[in-house]
Amino acid sequence: MKINRFPKMAALQKFRAMKLGFDNDIAEAIGIAEATKYAIFKNLSYKKRVEKEKEEVFKTYKGEKLLDDKTFEIFKLQSLDGLPYVGGKVYTSDDYKRAVFIRFGEEIGKKIEEWAKNIINKCDEKVLKSENKFFNECWKPHRDELKEV
């Protein structure tokens, strides 16, 4: 079965979050939210992406609830009620499970997670705390591994 980059990024971000001290359920929510964020930016042209990054980020959800910028600051994610918020959606552990385990099956999901955990275990905490360093040192060199299982 072919494995695209999305579930690999989600798993890598999950284990990054866990190594930085987040519990499993929140780490899974962060993983899927981060993978979604990267997918959104990848699908925007460079010019649009630079403009989007400069835009003022929404501070409220549907004009009612205040979005929090501090809970997941290290990931540059906003949160709503303690869960990551990206692209107008709140992400949970269930979203992660759908993207990694339900879509690819239990056995392949475990292989994706094992692959991600091995990479994160080799990454320095300083690298994990930096979005740019994480992308260039943990993700880029490994993103095309595990293409098929």
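The values are calculated or read from the model by the stated rules, or taken from the named source; none is laboratory data. Source: prediction; values computed, not measured. Note: ideal-geometry Cβ built from the backbone for every residue, glycine included; neighbour counts use all protein chains shown. Heavy atoms of the whole protein, side chains included, go into the accessibility calculation; ligands, DNA and RNA do not. Shrake-Rupley method; radii C 1.70, N 1.55, O 1.52, S 1.80 Å.
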### Query
Using θ = phi - 60° and the Karplus form 6.51 cos²θ - 1.76 cosθ + 1.60, what ³J(HN,Hα) does each residue of the stretch 124-133 get, whole Hz, x for Gly and Pro?
5, 4, 4, 5, 5, 7, 10, 4, 5, 5
### Task
Just reorder Met18, Met1 by solvent-accessible area, largest first, 1.4 Å probe, all chains present.
Met1, Met18
### Query
Val86: net charge of surrounding residues, Cβ under 12 Å, Lys/Arg +1, Asp/Glu -1, itself excluded?
+1
### Message
If you take every residue apart from Glu73 with its C-beta less than 12 Å away from the C-beta of Glu73, what net charge results, scoring Lys and Arg +1 and Asp and Glu -1?
### Response
0
### Query
So which of Lys76/Lys126; Lys117/Lys147; Lys2/Lys133; Lys76/Lys133; Lys42/Lys76; Lys14/Lys70 end up more than 24 Å apart, counting from Cα to Cα?
Lys2/Lys133
### Task
Provide the packing ranking of 85-93, 8-16, 106-114, i.e. peptides ordered by the mean count of other C-beta atoms within 10 Å per residue, highest first.
8-16, 85-93, 106-114
### Query
Excluding ligands and nucleic acids, what accessible area in Å² is computed for Asp81 using a 1.4 Å probe, to the nearest 10?
120 Å²
## Note on the structure
1/(1 + (r/R0)^6) with r = Cβ-Cβ of Asp69 and Lys147, R0 = 35 Å, i.e. FRET efficiency to nearest 0.05, evaluates to 0.45
### Query
At a 1.4 Å probe radius, carbon and sulfur cover how many percent of the accessible area of the stretch 61-149?
48 percent
### Message
Suppose R0 equals 22 Å. What FRET efficiency, 1/(1 + (r/R0)^6) with r the Cβ-Cβ distance, do Met1 and Asn121 give to the nearest 0.05?
### Response
0.30
## Note on the structure
Non-local residues with an amide H under 5 Å from the amide H of Gln78, with H modelled 1.01 Å from N and Pro and chain starts lacking one, are Tyr85
